[in-house]
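The values are calculated or read from the model by the stated rules, or taken from the named source; none is laboratory data. Here the structure is a predicted model, which means the values were calculated and not measured. Heads up, the Cβs are rebuilt from the backbone with ideal geometry, glycines too, and the neighbour counts pull from every protein chain shown.
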């Protein structure tokens, strides 16, 4: 029983982590918490749904195209919505993302309606795997694996590619990066594109587990945030760990205390961490050079 | 008109005029020293050339092309290199990372190729990495390639940052107090490197420096700023004997004023 709860919590936490990573990449490079990240993921998941349902594409083709869309969507949002606000107070950009959140939700409602749809999973009918004698649905295992792969991929990209180098430089000191010759506009766009990708992956993984509807990402956004804050948004592994801990705690508290308390836990964690250790468990304090 | 020509440049911050009507031309293949007491406007002037600070009036032309008003990375791409006073660019960057960061001129792929890591992007990045390793080898620091910049000796960090600025094949190099904190041997090594860049590569160098001995033996000409104005512009020996310059440094009123 408890093994099941823990593994189920890890699977849910992996989904939070994908959203958390999307948020963390964007915050690290551009200092903006993107409150539209969830709705952007929801829209790209609906794009996958339309490609599957209306255009009859196979699952992998539809999802690959939708993830390409998720990247471009992130870049487009950065260029069209955020870029004109650069140089102003960060709060303007934050409010813009909140507005975008509502706009995307309404547009998705107009296009796809507010009823729930069923989004298939390629692993839906697979038999469960047994981990330490505990039966675990294959798609839960896949969630954990995909989240790990995404973090590893992003870590390698930041470490070894020139784009990653530019992202790291931009995230620490934009003026210095530009003096070196790094076009930081591109770094910003890239960070939003990567964020869009991680969010989009979360969307197509969440949709089969819940139902696909326009409000499916709302709770996930807050949980990705809370888990990220818990682990420390400045560290991708911190985000991953924080979200896993949150997923497991939520499951345990839901089972042993009260199911409705699971959600409240998210906010308790958020407030407690921000009060006691704002940089998160694995986060680093960012020093601003003057 | 070849060279880096600064004409009637003025920078005002609110009511304060940090740079007033400054004009001089830095020529390729020469080292121009920019000296003056603290607050004279030297750093503001460098920041203007780099595009960090927008001038209030005047022009900055590189071979006849206006730079004032361009964004920083465009100015860098046009061939204005900057060497930093504090060379640890980014926490966690290795020496090799630092040099790769300077390789933007080698990379010509578009945003889409970057986003989706297309082969063109990967090939160009591999070439840039190769060139960065060769540059580290050339300054004798190949062994430091994978070491964290913050853990390198200070003198090595300075050399790595100088090499980093050269990766972009600049035409002019701006250096802000390059030898501060270096020992005599390291100063000699850096001076030799700058001379070689001037004589072999034909680079133009603008050097902000407080070390007068270095200015005297390294610079071909010296511009002296005081309170935002040019008060002298001559060969170093003449400038360092100039009464107005001594007055600005020592705070005495010139005898003939």
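Restricting to region A:172-183, what's the tally of residues that are crowded, with 23+ Cβ neighbours inside 10 Å and facing another protein chain (nearest Cβ under 7 Å)? Full working, then the answer.
Residues of region A:172-183 crowded, with 23+ Cβ neighbours inside 10 Å: A:177-182.
Remaining after also requiring facing another protein chain (nearest Cβ under 7 Å): A:178-182.
Adding up the residues that qualify gives 5.
Out of everything in region A:124-159 that is within 14 Å of chain B (Cβ to nearest Cβ) and surrounded by 12 or more Cβ atoms within 10 Å (Cβ to Cβ), what residue ends up being nearest to the chain's Cα centre (by Cα)?
Narrowing region A:124-159 to residues within 14 Å of chain B (Cβ to nearest Cβ): A:153-159.
Now narrow it down to the ones that are surrounded by 12 or more Cβ atoms within 10 Å (Cβ to Cβ): A:153-155, A:157-159.
Details: A:153: 15, A:154: 13, A:155: 15, A:157: 17, A:158: 17, A:159: 20 Å.
For region A:124-159, the residue satisfying everything is A:154.
What residue, among those in region B:105-117 that are at the interface with chain A (Cβ under 9 Å from one of its Cβ atoms) and either outside any helix (DSSP H, G or I) or at pLDDT 90 or above (or both), is farthest from residue B:158 (Cα to Cα)?
Top of the filtered list is B:116.
Given the conditions (1) farther than 30 Å from residue A:83 by Cβ; (2) out of contact with any helix residue (DSSP H, G or I) (no Cβ under 8 Å at 6 or more places or on another chain); (3) assigned to a helix (DSSP H, G or I), report the number of the one that residue A:140 does not fulfil.
So residue A:140 meets the others, but not (2).
Which condition number does residue A:121 fail, the rest of (1) under 21 Å from the mean Cα position of the chain (by Cα); (2) surrounded by 16 or more Cβ atoms within 10 Å (Cβ to Cβ); (3) more than 14 Å from every other protein chain (Cβ to nearest Cβ); (4) in a helix (DSSP H, G or I) being met?
(4)
Of (1) facing chain A (nearest Cβ under 9 Å); (2) in contact with a helix residue (DSSP H, G or I) (Cβ under 7 Å, 6 or more places away or on another chain); (3) closer than 30 Å to residue A:72 by Cα, residue B:122 satisfies all except one. Which?
Checking residue B:122 against (1) facing chain A (nearest Cβ under 9 Å); (2) in contact with a helix residue (DSSP H, G or I) (Cβ under 7 Å, 6 or more places away or on another chain); (3) closer than 30 Å to residue A:72 by Cα, the one that fails is (2).
Residues to consider are B:28, B:55; find the one that is more than 13 Å from chain A (Cβ to nearest Cβ) and under 30 Å from residue B:130 (Cβ atoms).
Numbers: B:55 fails: under 30 Å from residue B:130 (Cβ atoms).
From the options B:28, B:55, the qualifying one is B:28.
Among the numbered criteria (1) in contact with a helix residue (DSSP H, G or I) (Cβ under 7 Å, 6 or more places away or on another chain); (2) within 30 Å of residue B:245 (Cβ to Cβ); (3) at the interface with chain A (Cβ under 10 Å from one of its Cβ atoms); (4) at pLDDT 90 or above, which single criterion is violated by residue B:76?
(2)
Go through (1) modelled with pLDDT under 85; (2) more than 7 Å from chain A (Cβ to nearest Cβ) for residue B:94 and report which single condition fails.
That leaves (1) as the condition not met.
Restricting the first residue to region A:73-99 and requiring it to be surrounded by fewer than 15 Cβ atoms within 10 Å (Cβ to Cβ), which pairs with a second residue that is not in a helix (DSSP H, G or I) meet a Cβ separation below 7 Å and a spacing of at least six or different chains?
Once the first residue is surrounded by fewer than 15 Cβ atoms within 10 Å (Cβ to Cβ) and sits in region A:73-99, its partners that are not in a helix (DSSP H, G or I) give A:90/A:31; A:90/A:32; A:98/A:35.
How many of the residues in region A:162-171 are more than 12 Å from residue B:97 (Cβ to Cβ) and facing chain B (nearest Cβ under 8 Å)?
Residues meeting the conditions: 1.
Search region B:81-91 for residues being at the interface with chain A (Cβ under 9 Å from one of its Cβ atoms) and closer than 21 Å to residue B:51 by Cα, and hand back the single one that is nearest to the chain's Cα centre (by Cα).
We begin by selecting, within region B:81-91, every residue at the interface with chain A (Cβ under 9 Å from one of its Cβ atoms); these are B:81-82, B:84, B:86, B:89-91.
Retained after the next criterion (residues that are closer than 21 Å to residue B:51 by Cα): B:81-82, B:84, B:86, B:89-90.
On the way: B:81: 6, B:82: 4, B:84: 7, B:86: 12, B:89: 15, B:90: 18 Å.
Filtering region B:81-91 for residues that are at the interface with chain A (Cβ under 9 Å from one of its Cβ atoms) and closer than 21 Å to residue B:51 by Cα, the one nearest to the chain's Cα centre (by Cα) comes out as B:82.
All but one of (1) at pLDDT 95 or above; (2) on the phi > 0 side of the Ramachandran plot hold for residue A:56; state the number of the condition that does not hold.
(1)
Which helices (runs of 4 or more DSSP H) does region A:192-290 wholly contain that include 2 or more residues that are without any contact (Cβ under 8 Å) to a residue 12 or more places away in the chain?
On the way: elements: A:218-231, A:236-256, A:261-276.
Once the helices (runs of 4 or more DSSP H) in region A:192-290 are filtered for at least 2 residues that are without any contact (Cβ under 8 Å) to a residue 12 or more places away in the chain, what remains is A:236-256, A:261-276.
Of B:161, B:146, which residue is in contact (Cβ under 8 Å) with a residue 24 or more places away in the chain, part of a helix (DSSP H, G or I) and touching a strand residue (DSSP E or B) at 6+ places or on another chain (Cβ under 7 Å)? Explain how you work it out, then say what you get.
Values: B:146 fails: part of a helix (DSSP H, G or I).
It is B:161.
Please name all residue pairs, on different chains or six or more residues apart, with Cβ atoms under 7 Å, provided the first residue is in region B:209-227 and is on the phi > 0 side of the Ramachandran plot and the second residue is outside any strand (DSSP E or B) and buried (at least 18 other Cβ atoms within 10 Å of the Cβ).
The qualifying pairs are B:227/B:40.
If residue B:168 meets every condition in (1) farther than 22 Å from residue B:77 by Cβ; (2) at pLDDT below 90; (3) in contact with a strand residue (DSSP E or B) (Cβ under 8 Å, 6 or more places away or on another chain) apart from one, which number is that one?
Residue B:168 satisfies every listed condition except (1).
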